[in-house]
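Before any comments, here is the structure.
Derivation of every value follows stated rules applied to the coordinates shown; laboratory data play no part. Given the structure is predicted, the values throughout are model-derived calculations rather than measurements. Note that we place each Cβ from the backbone using ideal geometry, even for glycine, and neighbour counts take in every protein chain shown.
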């Protein structure tokens, strides 16, 4: 082996200035274009079929029936009581469904995070299966179960709890039950994931330091699970705001939510300006909520880091 | 045994790499001799891995030139460079068995089946894994995976071989064993090799030459023994081995400590306060200060730490600096060693005293 | 099971939690459990348990040309959506994973937009656009719209596959002489294939179960199964739908099982 010791400072031939800059730059550019090319079919389709029409609708919402630029489509939301009623109903349903989802989902997620892994994964299948089942199928099932001569009423009468069948569908209650069933997995899945990452050591330490099980839960576990809960809540709430199928089928025409209003305005009355304005407002509220929660959670994560 | 007769040199010139506004490599030059085993050594963030990735073609430099033999490769895509590469985590293909992993580069080159079988067998033999061709990757131990990765990197007789901390995932004893094996494999095959590590012992054990990198520059490029005995910069002295740093005053190319002229083989700066670097095992106990000549240091023993076969004695010099001395626990050495708190005289030979410029 | 929760609380003390959790799980699974036996009922009035059993509603479903046509349309659209969304989604995920691009963030935002934008707005927008270019009530229109809805799911699934994959493998393949595309095919694709198939399953289900967009842009010869079911449900509770629902539940169990099996394989 001959190790030729060459001084790194010594140069074989003397050309000063930067070497191969142009070629390297061109190669880098080609790579960027190549990768962009891979993205381009997806970007093109999403741009064409989602972003372009949504932008178009945004544009439409700014014109009145005579094609004049105006805010008439938005002013209507404040002036006409039927719109106000739609918004109130939508928020009532969304808050109601989210609240029930928290009440049902939190204990479920907590249980899943505490039981052995194998049992949890079997239970998870029961959470995910509805997730993979068509919303229509599930709504239909609830219609059947809750109808006047349906399963629930039959049983309640048989048990002697009630005499007259309860009105469980084609009203607010029906919408709440049906939507809760659809939304529950959206709340449970992120909540469970965050609970899973809370080490049992924290709880052991809490108990070791003299806190009882209840105090340990409220002072240690619950605060740590809040980011996951917040994520689940915001997803659930935002999905509720724009939800269509279940309220349309289970509301019996009495519970008009935002999305149904959009559908009526555009298909029934062909009022594109008004329908678009509703859509724009819905999008703004959705983005606003997502942005707000994003900011809130980030602050929490930062606070957790800063506290250490 | 196939020996690469025509191992090419690598000439790396004026490499500049920026990530955003940060200069990762600053106008870097490096020549690797044909068949040489050269190690890039440095702390993380020094740019050594980036340089290796630029050599392999996975990272694109902003400017510069890399010639392997006569060919400019910096503008080539990775698969045309003909470079064998071994990664830290081996990067064996888990969906292929050992044979197919090693045959992969040959299949890309459309080598005929009979030749592939022969060459894979030969490569397996070279890494002492005869008969392992049909094993699945997950049936192999860490050391065996390492050997398969190595066989895969050399089977197509690449122009050069690059290794990115290939032994860091192995435990200590296996790592030391593999160091020797890698070294002997390199001796047998003689391929030009660039090796990246942050482990100075590994670098010193294996390399023909070591390029110590810091902040995107090569601080010093030398044979291991020279790097150790005569570090040229404060960084190199601090990074490789244990060192005593003693401040000395330099005037007109001569270094002074407490009025005594320091005898040294290294180049002494013209002015300013710089460092005398000495290795603890080169420092010796002296009976007293003899005459005007020689590098003598007087202080008192602060602490003696026994480490079984050897000991370290920390002496506090008169100006408050600490100088460490390491020696074996032999009776003749121990008998001359003063107890803690007592005065001590230390001596360093001229060959073992290096002067390095203080970093601003 | 041992009487240990890993905490100084016994399972017995936690019984209330298991009862509540069990009831919620029952609530989640109840519709599926009840609709299946009901579909085998002999009566028009859907009763539980059914007074007598028959395959009457299945005959009704498979015997009706309208239901059969709608099913065929849905299957066709779902298959074509899967075949379109999967490759372009994988390509986009690959490019985003390479992260050489400075605008990966923007691309990510655009490609996940279909998940964030309320689907009713997408439906109205698509209907509006299709009316201009004349592809309402066409298979092409349905496939394109469903593909857009499926793209984010494919991209996210495949990206998560890339995250658990060691990109050095593709690098090493390239250094060993395989071009970029060839390295992807020979080394990367076989290892992320479970994610790709999961993404494809997502794409299929998204299309097959999609209601709102189909409600606006399908009709006539291209009426999808979900659209026909929606219309039928608005008028009355048609027992045929119980039979269709059972078929759909079986399909989702099938899909879920495949996805679960692939998921456990991916973990290995």
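Points 7 angstrom from Cα along the Cβ direction at residue B:303 and residue A:209: gap in nanometres?
Each label point lies 7 Å from its Cα, and together they span 3.5 nm.
With chain A treated as a Gaussian network of Cα nodes joined by springs under 10 Å, which of A:273, A:105, A:67 yields the largest mean-square fluctuation?
A:67
Could you work out how far helix A:135-146 tilts from the main Cα principal axis of chain A, as a 0 to 90 degree angle to the nearest 10?
20 degrees
Run the paramagnetic zone check for residue B:258: 7 angstrom along Cα to Cβ, then residues of region B:317-333 with backbone nitrogen under 15 Å.
Answer for region B:317-333: B:317-324.
Using a Förster distance of 22 Å, how high is the FRET efficiency between residue B:26 and residue C:104, based on the Cβ-Cβ distance and rounded to 0.05?
0.20
I want to check the label-to-label distance for residue A:164 and residue B:289. Put each point 7 Å from Cα in the C-beta direction and report it in nm to one decimal.
Once both label points are built, they end up 11.4 nm from each other.
Let a ≥ b ≥ c be the square roots of the eigenvalues of the Cα gyration tensor of chain A; is it rounded (a/c under 1.5), or, if not, prolate (a/b larger than b/c) or oblate?
Oblate is the answer for chain A, as a/c is 1.5 or above yet b/c matches or exceeds a/b.
Restricting to the protein assembly as shown, what percent of DSSP beta bridges are antiparallel, rounded to 5? Mind dumping the intermediate values first?
Working: 61 of 80 bridges.
So the antiparallel bridges in the protein assembly as shown amount to around 75 percent.
For a quick check: sort B:81, B:183 by the number of other beta carbons within 10 angstrom, fewest at the front.
Going from least to most buried by this count: B:183, B:81.
Would you mind checking the tilt of helix B:172-189 against the longest principal axis of the Cα atoms of chain B, expressed as 0 to 90 degrees and rounded to 10?
Between helix and principal axis, roughly 70 degrees.
By how many nm would the segment from residue C:115 to residue C:43 lengthen if fully extended, with 0.36 nm per residue of separation less the alpha-carbon distance? Before the final figure, lay out the partial values.
On the way: separation 72, 0.36 × 72 = 25.92 nm, distance 4.10 nm.
Length difference between fully extended and current span is 21.8 nm.
From the gyration tensor of the Cα coordinates in the protein assembly as shown, what semi-axes in whole Å does the equivalent ellipsoid have, largest first, with each one equal to sqrt(5λ)?
So the three semi-axes of the protein assembly as shown are 69, 34, 29 Å.
For chain B, calculate the relative contact order in percent as a whole number, restricting contacts to Cα pairs under 8 Å that are 6 or more residues apart.
16 percent
Of the DSSP beta bridges with both residues in region B:133-252, give the percent that are antiparallel, rounding to the nearest 5.
Close to 50 percent.
Let me have the relative contact order for chain C, percent, based on Cα pairs under 8 Å that are six or more residues apart.
Rounded, it is 27 percent for chain C.
Please report C:151, C:241, C:88 as a ranked list, fewest other C-beta atoms within 10 angstrom at the top and most at the bottom.
With the sparsest Cβ surroundings first, the list reads C:88, C:241, C:151.
For B:48, B:282, what's the fewest-to-most ordering of other Cβ within 10 Å of each Cβ?
Fewest to most other Cβ atoms nearby, the residues stand as B:282, B:48.
Report the residue, chosen from C:166, C:238, C:221, that carries the largest GNM mean-square fluctuation when chain C is represented by alpha-carbon nodes joined by springs under 10 Å.
C:166
Say R0 is 41 Å: what FRET efficiency, to the nearest 0.05, do residue A:171 and residue A:198 get from their beta-carbon distance?
E between residue A:171 and residue A:198, to the nearest 0.05, is 0.55.
In a solvent-free Debye calculation with one equal scatterer on each Cα, what is log10 I(q)/I(0) for chain B at q = 0.12, 0.14 Å⁻¹, listed in the order of the q values?
-0.93, -1.10
Please work out whether region B:144-197 counts as rounded, prolate or oblate from its C-alpha gyration tensor, where a ≥ b ≥ c are the square roots of the eigenvalues and a/c under 1.5 means rounded, while otherwise a/b larger than b/c means prolate and anything else oblate? Each step should come with its number before you reach the end.
Values: a/c = 1.69, a/b = 1.63, b/c = 1.04.
It is prolate, given that a/c is not under 1.5 and a/b is the larger ratio.
Does a label point 7 Å from the Cα of residue C:52, set along Cα-to-beta-carbon, have any residues of region A:146-160 with amide nitrogen under 19 Å, and which are they?
Of the residues in region A:146-160, none has backbone N under 19 Å from the label point off residue C:52.
Only Cα pairs under 8 Å and at least 6 apart count here; give the relative contact order of chain A as a rounded whole percent.
23 percent
With springs only between Cα atoms under 10 Å, which of C:201, C:129, C:111 fluctuates most in a Gaussian network model of chain C?
Result: C:129 has the largest fluctuation of those listed.
Given labels modelled 7 Å from the Cα in the Cβ direction, how far is it in nm from residue B:349 to residue B:138?
5.7 nm
Have a look at the DSSP beta bridges in region B:10-229 and tell me what percent are antiparallel, nearest 5.
That works out to approximately 55 percent antiparallel.
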